[in-house]
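What follows is one structure encoded as structure tokens, with my remarks underneath.
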Amino acid sequence: MALAYIGLGANLDQPQQQLKQALRELAHLPESSLVAQSSLYHSKPVGPQDQPDYVNAVALIETELEPLALLDALQQLEQDHGRIRKRHWGERTLDLDIILIDDQIIDSERLQVPHPFAQQRSFVLFPLSEINPQLTFPNGMSLEQLLTELDNDLIRIRA
Ligand code: ROI
């Protein structure tokens, strides 16, 4: 049994609805259960600025799936949401990223865990801190320390 943090993001086709639906679907992943979810947040795009703002969130799941089986399941969900990806670092209907799996470090062609950019991204770290403010990354960096170096440019969406 592993604990996995999943980052959710969307900026096309009613992004709030995309994320709410995706959270319900995460709760029904095989051999898994949803343990916690952050609020939804509006965030300014990282990458090309000529794209809509994003809605972001983080979920914590408990799963018996192996990392690559989890990745397959998440990619299937992205497909089910009719994922459109127009360009690198561009707009998308649903993005599901594995941020962390326990203290595992995975560096394979298909999957890098922790997510390589997670430690620099406010749209990952602030929702993460809502779920687990005491979190420490496998490289020893604490979430608390990382957050002091980042502007909180997110706007929490009222439920
Ligand atoms: N920017 C924001 N704000 N939120 C995201 O989820 C997101 N996802 C991405 C890129 C294009 C890097 N920018 C993002 O993949």
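The values are calculated or read from the model by the stated rules, or taken from the named source; none is laboratory data. All values derive from a computational prediction rather than experimental measurement. No Cβ is skipped: glycine too gets one built from the backbone with ideal geometry, and neighbour counts run over all protein chains shown. Just the protein is used for accessible areas: all its heavy atoms, side chains included, with ligands, DNA and RNA removed. Shrake-Rupley method; radii C 1.70, N 1.55, O 1.52, S 1.80 Å.
List of remarks:
- Scanning the stretch 78-87 for residues that are in contact (Cβ under 8 Å) with a residue 24 or more places away in the chain and either open to solvent by less than 20 Å² (accessible area, probe 1.4 Å) or more than 22 Å from Gln16 (Cβ to Cβ) (or both) yields one hit, Arg87.
- The stretch 88-111, subset farther than 19 Å from Val35 by Cβ and away from the ligand (no atom under 14 Å from the Cβ), residue least open to solvent (accessible area, probe 1.4 Å): Leu111
- Just one of the listed residues (Leu65, Leu60, Leu74, Leu128) is modelled with pLDDT of 95 or more, more than 16 Å from the ligand (Cβ to nearest atom), surrounded by 18 or more Cβ atoms within 10 Å (Cβ to Cβ) and within 24 Å of Pro15 (Cα to Cα), and it is Leu60.
- Under the condition of being more than 22 Å from Gln112 (Cα to Cα) and within 14 Å of the chain's Cα centre (by Cα), the residues counted in the stretch 38-78 number 8.
- For the stretch 39-54, the set of residues classified as over 27 Å from Ile106 (Cβ atoms) and either crowded, with 18+ Cβ neighbours inside 10 Å or of a type in the set (Val, Ile, Thr) (or both) consists of Leu40 only.
- Lone unmet requirement of (1) outside any loop (DSSP other than H, G, I, E, B); (2) out of contact with any His (no Cβ under 9 Å at 6 or more places or on another chain) for Gln18: (2)
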